[in-house]
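Following: one structure in structure tokens, then a few remarks.
Derivation of every value follows stated rules applied to the coordinates shown; laboratory data play no part. Bear in mind the structure is a predicted one, so any value in this text is a computation, not a measurement. Note that each Cβ is placed from the backbone with ideal geometry, even for glycine, and that neighbours are counted across all protein chains shown.
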Amino acid sequence: MNLVRTLEPCKRFFCYHRIVIVSEEDSKLIEIAKSLVKEERIPGGVVGEVGAVMRTSEGEVFSGVCMHLVCGIGFCAEHTAIATAVTRKSNIQIDTIVAVNKNGIIPPCGRCRELMNVLSENGSNTWIILDDNEKVQLADLLPRAWLPRRSSTERPEA
Ligand SMILES: [Zn+2]
């Protein structure tokens, strides 16, 4: 069961949004993500600096690590986890996702937020675990998100 604390100031983003306490299932995702962090140097950069784990709305769990490579050709751990899920099933709904580095849980970068938004039908409802105790929905981290299903002449709903 998720406990909801509404409209509390977020320490990390200096704004007000709905913060939910992580569940036991979420804590398992955090532990899996922590186990993935094994930074290794390779000729073209560093891999495994960040581990990410996601759970779909159907309860499937997928994981991945980041690849920080030269010339900007790497990508985030969230990308790897999401790509692994899409490899298995093209139409996924990401329920919850978490990314961890050696210092703890980190929020997704802007590119990963956009990836989650455009990939799932209800991407803005995806839960993002922000630390060991709290999670928020993607809509709070990516307000007024672009929707590929909307034509360029349509305005977002207010
Ligand atoms: Zn990212």
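Between LYS102 and VAL86, the modelled label-to-label distance comes to 3.1 nm, taking each label 7 Å out from Cα in the direction of the beta carbon. Quick note on the range 23-141: its Rg to Rh ratio, both from C-alpha atoms and Rh being the Kirkwood radius, is 0.95.
Using the Cβ atoms and a cut-off under 12 Å, what net charge is assigned to the surroundings of VAL61, where Lys and Arg are +1 and Asp and Glu are -1?
Numbers: positive: LYS28, ARG55, ARG88; negative: GLU25, ASP26, GLU31, GLU58, GLU60, ASP95.
Local net charge: -3.
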